[in-house]
Structures are given as C-alpha cells and as structure tokens.
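Below is one structure, written out as structure tokens; comments come after it.
The values are calculated or read from the model by the stated rules, or taken from the named source; none is laboratory data. None of these values were measured; they are calculated from a predicted model. Heads up, the Cβs are rebuilt from the backbone with ideal geometry, glycines too, and the neighbour counts pull from every protein chain shown. With ligands, DNA and RNA removed, areas are computed over all heavy atoms of the protein, side chains included. Shrake-Rupley method; radii C 1.70, N 1.55, O 1.52, S 1.80 Å.
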Amino acid sequence: MEKEKKKKAEFICSAADYRDLPALSGQEFAILGRSNVGKSSFINHVFENKSLARTSGTPGKTSLANFYRVEKDMFWVDLPGYGYAKVSGSEKQRWSRLISSYCEKRSNLTGIIWLIDIRHIGVKNDLEACQWLVRLGKPVFPVLTKADKIGKADRIVQQKKAMSVFNLTMEPVIYSVKEHSSRALFWERFEKWYRGITGDDN
C-alpha cells in the first residue's frame, strides 16, 4: 500500500483588520473556535509541523488572521479565538470585528473548520457561535479537540451530545494531537467533505 503523502502548509501573512487582508486568491477555509480550544496545536499537528503556528499555555495567543497556503489554490485562515475574557474591551471588539467581517464579507471563503472542546459541549460562547454560523450559511466542518483529555468511551458520548446540542448534520471528527490516527481520520473526512461542497472529484 502506498504511504499517504504528508500534508504541508506554509505561513503566508497575518492581518489585524479586514482592510489588511491579502488579495483574493483561491479557496479559503477559516479555522474558528474558542480561545482555549487548541487551534494552533491542531494546525501544527495536522500538518506535522510543530513550528507552523505559535502555541502557548495562555489562551488568546492568536490575535490576528493568519494565512497558510495548504495547496496551490487552497488557504487556511486561523482566526482569533472568541470568548477570551482577559483582554481589553477594545481588543476584544477588534477580534470580533475581524472574525465577523472576514466570515461575512470574504467572497472566496469556501467553508469553516469549527473547533469545539470535546470536554465542554454547549458552553455559551459555542452556542452563540453556532447560531451565528447557521445565519452565515457557509459549510461547516466540526472537529472535537482535546480528545486525549477524556476516555475513549466518553468521546463517543460527547460526540453524540455535540451533534444534538449544535444540531449538526455531519458527525464531528474526534481529534487528539497525541494520536496519529486523528490526523489520518481528519484528512480522510475533510477531503470527502471538500469534494461534497465543491463538486471537485479530482
């Protein structure tokens, strides 16, 4: 059996405001989630590159929209985490404006990879994000992060709870940055989802 080709990503640029975003080019997928959901760790693990995204033990490290080229015509955009209380009101407003303006105005936004902490299904910030995503109307790919923090039986329970609480139409991927199998499962499911929303069978 042929070994699966390693997925690669390259950091392109960062933007603090909508007007600072780079010119439209290819398809973009936003990475959305609460401040402490582990977005940077997820990005580093899924691309097998520990230095790709900056990680920290302190939530709120990502304060900009960070653009990564995944393929020639595909980009991932890591957005600031929502719901982080320990920043100034003006900074929180800037983050919120950046997230909303990017997702609502960016014409080449193809879909959203929504990260949810598997341990805390249904917290207020995620419920509010879910309502907003429904109104936004973009395809959403849900991922349950930090699965290594709970037992395997509990993972299935939480997965079913997430589908019910957020009224998800697709089963969220259970993800642990400590398990290689999570990476393989993610890419298998992501590529199937991508083909489904774009009609690209290549």
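The combined condition, being modelled with pLDDT under 95 and crowded, with 17+ Cβ neighbours inside 10 Å, is not fulfilled by Ser90.
Taken over the range 122-159, the criterion of being open to solvent by 40 Å² or more (accessible area, probe 1.4 Å), in a helix (DSSP H, G or I) and in contact with a strand residue (DSSP E or B) (Cβ under 6 Å, 6 or more places away or on another chain) is satisfied by Asn125 alone. Taking the criterion of being touching a strand residue (DSSP E or B) at 6+ places or on another chain (Cβ under 7 Å) and either open to solvent by 10 Å² or more (accessible area, probe 1.4 Å) or modelled with pLDDT under 95 (or both), the residues of the range 103-121 that qualify are Cys103, Arg106, Asn108, Thr110.
Conditions tested, residue by residue: (1) among the aromatic types (Phe, Trp, Tyr); (2) within 12 Å of the chain's Cα centre (by Cα); (3) closer than 21 Å to Arg106 by Cα.
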site: Lys6; (1), (2), (3): no, no, no
site: Ile12; (1), (2), (3): no, no, yes
site: Ala15; (1), (2), (3): no, no, yes
site: Tyr18; (1), (2), (3): yes, no, yes
site: Ala23; (1), (2), (3): no, no, yes
site: Val37; (1), (2), (3): no, yes, no
site: Ser41; (1), (2), (3): no, yes, no
site: His45; (1), (2), (3): no, no, no
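Out of all the residues in the range 11-24, is one or more basic (Lys, Arg), modelled with pLDDT under 95 and surrounded by fewer than 21 Cβ atoms within 10 Å (Cβ to Cβ)? Yes: one or more hits. Restricted to the range 25-67, and to residues there that are among the β-branched types (Val, Ile, Thr), surrounded by 14 or more Cβ atoms within 10 Å (Cβ to Cβ) and modelled with pLDDT under 95, the residue that is nearest to Val140 (Cα to Cα) is Val37.
Scanning the range 175-202 for residues that are assigned to a loop (DSSP other than H, G, I, E, B), among the acidic types (Asp, Glu) and surrounded by 11 or more Cβ atoms within 10 Å (Cβ to Cβ) returns a single hit, Glu179. Thr169 passes all but one of (1) free of Cβ contacts under 8 Å to residues at least 12 places away in the same chain; (2) open to solvent by less than 40 Å² (accessible area, probe 1.4 Å); which number fails? Every listed condition holds for Thr169 apart from (2).
Considering the range 100-121 alone, what residues qualify as being in contact (Cβ under 8 Å) with a residue 60 or more places away in the chain, in a helix (DSSP H, G or I) and polar (S, T, N, Q)? Correct list: Ser101 only. Scanning the range 143-193 for residues that are touching a Phe, Trp or Tyr at 6+ places or on another chain (Cβ under 8 Å) and among the small types (Gly, Ala, Ser) gives Ala147, Ser182.
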